[in-house]
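Read-outs: derived from the displayed coordinates by stated rules, not from any lab. This structure is a prediction, so every number in the text was calculated from the model and none was measured. No Cβ is skipped: glycine too gets one built from the backbone with ideal geometry, and neighbour counts run over all protein chains shown.
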């Protein structure tokens, strides 16, 4: 339903189908037509989860986030491949570059999908439907990937449309027909309707978006608060949210599922040191520093514990990030020695490094923070020139576990 006095918007939602799995098929054409599953576990193990699966694997019941062991039991003939994030990021950059050829208003939603707002650009690039067809053609020709695209007057309807036309489809929802399009669809297609909300709506007799649209705004607001008002709008295809460019990252982190459960503090610290080096290097590349460090442990029984602490001063030094994470270990690892399955470290409350001035200590010698950061920058230069193995700490050099752990 168009808003009076406002120019109707032309919004696209472009979504790469089965991105990680399709990317592997694109560089291995012999796999086309076969079930392919990309998993995030350690090499040679089934301890991770499914990151992506082709439609041939999905037909056998394989789903994203399913344990790899379960996926293998459902589809033993599938080709299982480890995730290659660097390769996927390269394809993603090319995908988003294609989208930016048509409008500067592109809102990324991860590596494989984005919103585009073509409002006001039609005279230059053609109609929204023409752009959608061209984007799909170019993604197929340049990346060997399938891209489903929904076109509508709002973000919420465009995204639902792209999901409804998968795989490899294009669906245009004409202006004024948004509510009619949504009405027969399950209410779960609307953003923000998770399992609990769906159950709550079912208790009210709501099964479809059309059922939801029949309820009054005031009634939904009384039952669900502010979210009820949003549900009422979305069920009618109304969404004034703008298409926004990518926001700066709020945190930088790494986590990894271990090839086997570990109870050794030295082994966990070795993984934390590796994480700290990767996180620190990314912060330095982004020219950012972190004010807070968080530690995450997942145990053999699948229970997880996370905790965090503020740093004395913002930093991107590997050693200081690692030191803070180690100080959190006693809080997260309870009881001590409990078998650990996954280890994660993240840095948040990021600030530009250029805004921070380091104080000078007595006798003109800079303080320890500056020394650790200087060492980290020189380590970057050596590793860039000679490889990661040229300079290691005892934590990572003498930890056999790390030979079977891959952390980018």
If I model region 13-175 as equal point scatterers sitting on the Cα atoms and use the Debye formula, what is log10 I(q)/I(0) at q = 0.08, 0.11, 0.14 Å⁻¹?
-0.25, -0.46, -0.71
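Taking the Cβ of each residue in 101, 318 as the centre, tally the other Cβ atoms inside 10 Å and list the residues starting with the fewest.
On the way: 101 12, 318 26.
Ascending Cβ contact count within 10 Å gives the list 101, 318.
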Which one, 108, 314, 368, has the greatest fluctuation when you compute a Gaussian network model over the chain with C-alpha springs under 10 angstrom?
368
How would 341, 133 line up from fewest to most surrounding beta-carbon atoms within 10 angstrom?
133, 341
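What ranking of 77, 277 emerges when the number of other C-beta atoms within 10 Å of each C-beta is taken as an exposure proxy, fewest first? Spell out each step's value before the answer.
On the way: 77 10, 277 25.
The order, fewest Cβ neighbours first, is 77, 277.
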With viscosity set to 1.306 mPa s at 10 °C, what whole-number translational diffusion coefficient in µm²/s follows for region 229-291 from Stokes-Einstein and a Kirkwood radius over Cα pairs?
100
Measure nothing fancy, just the Cα-based angle from helix 226-235's long axis to the longest principal axis of the chain, in degrees from 0 to 90, nearest 10.
50
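With viscosity set to 0.890 mPa s and temperature to 25 °C, compute the Stokes-Einstein D of region 182-242, Rh being the Kirkwood radius across alpha carbon pairs; µm²/s, no decimals.
The diffusion coefficient I find is 219 µm²/s.
Mind pulling the per residue volume of the convex hull built on the Cα atoms of region 251-404? Å³ is fine. Don't skip to the end; give the middle numbers.
On the way: hull volume 17.8 nm³, N = 154.
That works out to 116 Å³ per residue.
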Whole-Å distance linking the alpha carbon centroid of region 92-112 with that of region 204-227 is 34
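How much length, in nm to one decimal, is gained on full extension between residue 331 and residue 250, taken as 0.36 nm per residue of separation minus their Cα-Cα distance? Walk me through the numbers on the way to the answer.
Details: separation 81, 0.36 × 81 = 29.16 nm, distance 2.41 nm.
The residue 331-residue 250 span can extend by a further 26.7 nm.
In deg cm²/dmol and to the nearest 500, what is the mean residue ellipticity at 222 nm of the chain if only DSSP H runs of at least 4 residues count, each as -39500 (n - 2.57), divided by the residue total? Write out the running numbers ahead of the final one.
Numbers: 16 runs with 163 residues, N = 408.
Only helices count here, giving -12000 deg cm²/dmol.
Classify region 157-215 from the C-alpha gyration tensor, please: rounded if a/c falls under 1.5, else prolate or oblate depending on whether a/b exceeds b/c.
In terms of gyration-tensor shape, oblate.
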Counting pairwise Cα distances across region 126-172, what percent come out greater than 16 angstrom?
34
With springs only between Cα atoms under 10 Å apart, run a GNM on the chain and tell me which of 371, 94, 278 wobbles the most.
371
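Among rounded, prolate and oblate, which fits region 71-165 when a ≥ b ≥ c are the square roots of the eigenvalues of its C-alpha gyration tensor, a/c under 1.5 means rounded, and a/b larger than b/c means prolate? Walk me through the numbers on the way to the answer.
Working: a/c = 2.39, a/b = 1.82, b/c = 1.31.
It is prolate, given that a/c is not under 1.5 and a/b is the larger ratio.
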Report the gain in length on full extension from residue 291 to residue 130: 0.36 nm times residue separation, minus Cα-Cα distance, nm rounded to one decimal.
53.3 nm
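Once the piece of chain linking residue 370 and residue 196 is laid out straight, how much longer is it, given 0.36 nm per residue of separation minus the C-alpha distance between them?
My answer for the length gained is 57.7 nm.
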Along each principal axis of its Cα atoms, how long is the chain end to end? Whole angstroms, biggest number first, please.
71, 55, 49
Using alpha carbons only, how many angstrom separate the centre of region 241-291 from the centre of region 120-197?
34
